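Note sheet for the following structure.
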Amino acid sequence: MDREPDFLRKLHEELSDARVWVDRALVLGFAALAGLAVVLLTLLADGAMDWFLAQRAQRPWLALLWTPALTAAVVWATRRWFPGAAGSGVPHVCAALDPRVPPHERARFVSLRLSGAKILAVSGGLLAGLSTGRQGPSVQVAAGVMFAARRFLSARSGVSDRELLVAGGAVGLAAAFNTPLGGIVFAIEELSRRIEQRSSGLMLAAIVVGGLVAVSAFGNFSYFGRVHVEMLAWWSQLLPGALVALGSGLFGGLLARLMIASATGLPDRFCGWRRRHPVRFAAGCGFFVALIGLISQGAAVGGGHHHTRELLAAASAQEHAFLTYTGLKFIASWLSAWSGVPGGIFGPALSIGASWGADVAAITGSPHLPALIALGMAGFLAAVTQTPITAMIIVMEMTDGHAMVLSLIGCALLASLVSRMVSRPLYATLCELLVQELHARQPTPPAPGRH
C-alpha cells in the first residue's frame with residue numbers, strides 16, 4: 001500500500017536540485033519565445049493582407065498580374081530552399097511526432113530555420129492575395145521554436161522531444177486564436193492523444209504561457225469578432241441548426257477530400273501538369289484566385305475574418321449574398337492550397353462556416369443570425385479538421401456567455417461524423433504522405449548475402 005507523501009522530504013527534493021528549476025525555466029522561456037514567434041507571424045501576415053487590400057482598392061485589375069507572379073515566386077522559393085515549410089504545418093508536426101521518423105530526421109519537419117521560413121512564406125501568400133490562414137502555420141512555427149529547447153535541457157529534465165513538439169504545436173494554436181484552452185484540447189485531440197504524467201503540469205503551463213504572450217500583445221479579443229447570442233430555446237434552432245451541421249459536414253468533408261486529392265495527386269492532366277511544372281501551375285492557381293477576388297470585390301481572399309466580422313455586424317441574413325461568398329471562398333481556399341503556397345485552412349474554414357450559417361438563416365428565415373453563424377463556424381471547422389472538440393472550444397471562446405455550449409458541441413460532433421463519411425482525416429492523411437515520402441528518399445539497404 002502506498003504511503004502518504006512526506007511534505008518536508010518532497011520539499012527538500014524540489015529545492016535541492018537547482019538544475020531541475022533551470023530546465024523548467026527553459027521550457028517556460030521557450031514557450032514564451034514560441035508565443036512571440038506567433039505574434040510576429042500575426043503582425044506580418046495581417047500587415048501583408050492589409051497592404052494587398054489597400055492596393056487592390058486602388059487598382060483592382062493589377063491583382064490578375066500581381067497574384068500569379070508572387071504565388072509562383074513563393075512556391076519556387078519554398079521548393080528550392082525550404083521544402084519542409086510547405087503546406088499548412090500541422091501535418092509536419094504530426095510527422096515529427098510519428099514513431100517511424102528517426103529522431104535525427106525530425107528537423108526535416110520542425111526547426112528554427114523552418115519556423116522563420118514559414119513566417120515569411122505565409123506572409124508572402126497573403127501578400128499575393130491568396131485565400132489562406134495563418135493559424136495552422138502557427139502550429140509548425142511554435143513547434144519549431146519549442147523543439148529547439150531540447151539542446152539546452154539536461155538529461156534528467158524528464159522532458160522528451162515528443163512533449164516539446166506537442167506543447168509547441170499547442171502554443172501555436174493557443175497564441176493564434178488567443179485561446180489557451182483551445183491549444184490544450186488541440187494538443188490532446190490531434191497532436192498527442194495523450195500527455196505524459198511525469199511532466200504534464202509543466203507542459204500545460206508552457207501552453208498557457210505561450211498563449212498568454214499573444215493575449216498580452218493583442219488583448220483578449222478574437223480576430224473573427226465576438227458572437228453575441230441571446231438565450232434561445234433549443235427547439236427554436238433545431239431545424240436550422242441541423243441544416244447547418246449537415247451542410248457543414250458535407251461541404252467541409254468535400255473540401256478536405258479535395259485537399260487530400262490535390263496533395264497526393266491523381267492521374268489527371270491537372271495533377272500531371274502540377275508534377276511537371278509546379279511553379280507554372282502555382283501561377284495558374286494564383287490567376288484564378290485573383291479572378292475570384294475581383295468577382296467577390298476582395299471579400300473571398302485572405303483568412304476571411306474581415307467578412308466574418310461584417311456578417312456578425314449585419315442586422316439580418318438578407319444583407320448577405322446568398323451562397324455566393326460560401327462558394328467563392330470554398331473554391332479560392334482549395335485553389336490556394338493546391339498552388340503549393342504555405343498556408344493554413346483554419347481561418348478560411350471558420351469564414352466559410354460563418355457564411356454557410358448565414359445562408360441557412362436566409363433559407364429558413366431564422367432571426368437568430370449570430371447563433372447560426374457560430375454553429376456554422378464550429379461545424380465547418382470540425383468537418384475539415386475532424387477535431388470537433390477543438391473546433392467547439394475555439395468558437396465557444398469567441399461567444400459571449402455559455403448559452404450555446406451544448407448546441408456547439410452537438411453541431412461540431414454531427415458535422416465531424418458526416419465528414420468522416422465523405423473524407424479521410426485531413427491531417428492524418430497528409431502526415432502519412434510526408435512519412436512515406438521520407439522513407440522513399442532513404443536508400444534501401446542491400447539484400448542479405450548480396451554485395
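Read-outs throughout are calculated quantities, based only on the coordinates presented, and are distinct from any laboratory measurement. Since the model is a prediction, treat every value here as computed from it, not as a measurement. Counting neighbours? That spans all protein chains shown, and the Cβs are built from the backbone with ideal geometry, glycine included.
Here the Debye sum runs over all C-alpha atoms of segment 280-366 as equal scatterers in vacuum, and log10 of I(q)/I(0) at q = 0.12 Å⁻¹ comes out as -0.35. The modelled label-to-label distance for the pair residue 62/residue 25, using points 7 Å beyond Cα in the direction of Cβ, is 5.1 nm.
Over the chain, what is the mean sequence separation of C-alpha contacts under 8 Å (at least six apart), divided by residue count, expressed as relative contact order in percent?
22 percent
So for segment 275-406, taking the charge dipole from beta-carbon charges (+1 Lys/Arg, -1 Asp/Glu), which of 388, 285, 305 sits furthest toward the positive end? Positive-end residue among those listed: 285.
Segment 61-138 and segment 151-179 have Cα centres separated by 20 Å.
Quick one: if the Förster radius is 25 Å, what FRET efficiency do residue 238 and residue 421 give, using the C-beta to C-beta distance and rounding to 0.05? Mind showing how you got there, number by number?
On the way: r = 22 Å, r/R0 = 0.87.
Once rounded, the FRET efficiency stands at 0.70.
Only helical runs count toward this figure. For the chain, summing -39,500 (n - 2.57) over DSSP H runs of n ≥ 4 and dividing by all residues gives -22500 deg cm²/dmol at 222 nm.
Along the chain, the longest continuous region that contains none of the chymotrypsin sites (Phe, Trp or Tyr not before Pro) in a DSSP loop with at most 14 other C-beta atoms within 10 Å is 1-151.
Helix by helix, which DSSP H runs in the chain go 20 Å or more along their axis at the Cα atoms and have an average Kyte-Doolittle hydropathy of 0.5 or more?
On the way: long enough: 18-58 (60 Å, 1.12); 63-81 (26 Å, 0.71); 112-128 (24 Å, 1.29); 161-177 (24 Å, 1.11); 200-218 (28 Å, 2.20); 238-264 (38 Å, 1.57); 278-295 (26 Å, 1.89); 324-338 (21 Å, 0.54); 346-364 (27 Å, 1.02); 369-385 (24 Å, 2.03); 405-422 (26 Å, 2.04); 426-441 (23 Å, 0.57).
Qualifying helices, which must be both long enough and hydrophobic enough, are 18-58, 63-81, 112-128, 161-177, 200-218, 238-264, 278-295, 324-338, 346-364, 369-385, 405-422, 426-441.
A crude spin-label estimate for the pair residue 81 and residue 226, with each label 7 Å from Cα along the Cβ direction, gives 4.3 nm. Among the listed options (i) 170; (ii) 135; (iii) 188, the one matching volume of the Cα convex hull per residue in Å³ as calculated from these coordinates is (iii). Backbone amide hydrogens, once placed in the peptide plane, bring residue 227 within less than 5 Å of 399, 400, excluding anything fewer than 5 places away on its chain. Entry for segment 237-317 at q = 0.16 Å⁻¹: log10 I(q)/I(0) = -0.91, Debye formula applied to identical alpha-carbon scatterers, no solvent contribution.
Taking 4.7 Å between beta carbons as the limit, the unpaired Cys residues of the chain are 271, 285, 411.
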